[in-house]
1. Percent relative contact order of chain A, based on C-alpha pairs within less than 8 angstrom and at least six residues apart?
2. Starting with the fewest neighbours, write out A:LYS268, A:LYS172, A:LYS25 ranked by other beta-carbon atoms found within 10 Å of each beta-carbon.
3. Within the set B:LYS58/B:LYS92; B:LYS41/B:LYS130; A:LYS268/B:LYS108; A:LYS90/A:LYS172, which residue pairs have Cα atoms separated by over 19 Å?
4. Which Rg and Dmax, in Å, describe the Cα atoms of the range A:122-264?
5. Pick from B:MET171, B:MET86, B:MET188 the residue whose mean-square fluctuation is largest in a GNM of chain B, springs joining Cα atoms under 10 Å.
6. Taking the beta-carbon count within 10 Å as an exposure proxy, list A:ARG266, A:ARG284 from fewest neighbours to most.
7. Using a label point 7 angstrom from Cα along Cα-to-C-beta, what distances in nm, from shortest up, separate A:LYS83 from the other copies?
8. Run lengths n ≥ 4 of DSSP H only: what is the helix-derived mean residue ellipticity at 222 nm for chain A, with -39500 (n - 2.57) per run over all residues, to the nearest 500?
2 protein chains.
Amino acid sequence: MTVHFKKAAIVGIGLIGSSLARMLKEYNVADCISACARSEKSRKTVLELNIADAVFEKPQEAVHDADIVFVCTPVGSIPAVIKEFMPFLKTKAIISDVGSVKAEIIKKVFPELREDVFFVPAHPVAGTEKSGPENGFSELFQGRWCILTPTPQTDRTALSVVRAVWETAGMKVDEMTAKRHDTAMALMSHLPHLIAYTIVGTAADLETETRQDIIKYAAGGFRDFTRIAGSDPVMWRDIFLNNTEAVLDGLQRFCEDLTVLQKAIRQKDAATLQNWFERTRRIRNEVVEARQDQPENEKLLLKNKG
Amino acid sequence: MTVHFKKAAIVGIGLIGSSLARMLKEYNVADCISACARSEKSRKTVLELNIADAVFEKPQEAVHDADIVFVCTPVGSIPAVIKEFMPFLKTKAIISDVGSVKAEIIKKVFPELREDVFFVPAHPVAGTEKSGPENGFSELFQGRWCILTPTPQTDRTALSVVRAVWETAGMKVDEMTAKRHDTAMALMSHLPHLIAYTIVGTAADLETETRQDIIKYAAGGFRDFTRIAGSDPVMWRDIFLNNTEAVLDGLQRFCEDLTVLQKAIRQKDAATLQNWFERTRRIRNEVVEARQDQPENEKLLLKNKG
């Protein structure tokens, strides 16, 4: 299925929003792209880099006459933003989002939904630690998964349209319940980010000499953690505030396992350590076999290299 | 200072040893490179890929007549290996190592040292999650730090020679005490690895559906953690058994900080979360400014791309 829109709106034009805008342009999915950015700096960047055809401060201006609206703001503001522009949508408009948490968003958006517009909750699972419209690129989504979390009320045609957009972006698309999505993401993405944020903070609190050494010599391990912990603070604050239960449950399991390894180190229990590390190496191999091992950063690196 | 050896020996020819061997050949640092590998498979690979001129099963055979010997085995076996080949070294030979833990190695090696040979403890801080001689490459060390941890007994000339080798490999070289090195590494490398090993293990224990989802959709966060947790099990077992005190101390600090964030999530304390994440983003920026942000994997990627 191919899709084409006369006008697509992107509300919130950071890394994901601007990558999507670039993709819609390059693949000729929309004749006109209208963007909304709250900050003047972002609006300037969007125009300078020609990321959208028009850019507005207020969501209602951006969504005017749009066939489809992608909300790409931090998770915490998605329901409020949708509520804000709802009266200004044309009839039969499709609203979709890119939030990393789905159940909370669905819970808050559905009661606000007009009967003549459609909402398709979606999560393109792609990104880098960078934020801002200047860091987006149209290939960001290629080869990665997009997860749609429709409810029984979701319009099937609108669902197919959103699926087609992400397939055009090069994504593999799956559907599942919001709960299943949120549980998997808590372990796969949210908890690793929380842990990376924690340990980089721990390092920041160290005595001056050790702290300076760590930054100066930063190598594998800490370097990877700083990359993760360099991710957008507001985006991640909102994720933890909106997927609280699943994250805390994952954290509990993680802490239990950490205690096991802590004890093994204290008791110099070589067998427990080695068995554990061999088991995790097998998981790495499964990820590589699932072809999920190439970071988005490397795609960009290869692209820029030509 | 440039150095040249008639014969260099590399005992333990995995990722680091084989990268060093390739570098010594490509930069014409040694006329002859002799390697030691315990496994027949590794010996075969070394010969097939022409990584060394000769390869032996026993360390004493590899070190015969060598001007310098690099011990590149896992940390736990470095002292025993050095003790094993000690009687077979020629007089004035230099022994160096690449272990990620320094105090324990120094403590065990110095009492065994012959008076007519020199030992220079070193740690080239570079690597990827891959192991084995087939995964080495001569550029691995470029632009990264090598830390030398001499004691007051370390011969100054031998120290300069080892420094020159790593500078030839493209490394920046610093000197510090073994204790300072081990403290920094515990936080910068050992603890992040422990945490990555833990969470990937936590994921492996989940109910089937969630476990499968996590591997199938693996994106930033978990994907990065699986890469770290795919590192060599024996190498890392030995690191934790030999830097126990500093790792457990770092772990204690980490757990305290994790509890703070756990509480902030449970209480939906947005300000604490956002402040924390903004602080860690600044640390990331410091790492980028220190030019320590490019992973070795990317160098290899760009190299293979041509």
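Read-outs throughout are calculated quantities, based only on the coordinates presented, and are distinct from any laboratory measurement. All of these numbers come straight from a predicted model, not from anything done at the bench. Positions of Cβ are backbone-derived with ideal geometry, glycine not excepted, and every protein chain shown enters the neighbour counts.
1. Taking the mean separation of contacting Cα pairs over the length of chain A, I get 16 percent.
2. Numbers: A:LYS268 11, A:LYS172 16, A:LYS25 19.
Lowest to highest Cβ neighbour count: A:LYS268, A:LYS172, A:LYS25.
3. Values: B:LYS58/B:LYS92 21 Å; B:LYS41/B:LYS130 16 Å; A:LYS268/B:LYS108 17 Å; A:LYS90/A:LYS172 30 Å.
B:LYS58/B:LYS92; A:LYS90/A:LYS172, as the Cα separations exceed 19 Å there.
4. 18.4, 60
5. The residue that fluctuates most here is B:MET188.
6. Values: A:ARG266 13, A:ARG284 23.
Going from least to most buried by this count: A:ARG266, A:ARG284.
7. Ordered by increasing distance: 7.1 nm.
8. Numbers: 14 runs with 156 residues, N = 306.
That comes out to -15500 deg cm²/dmol.
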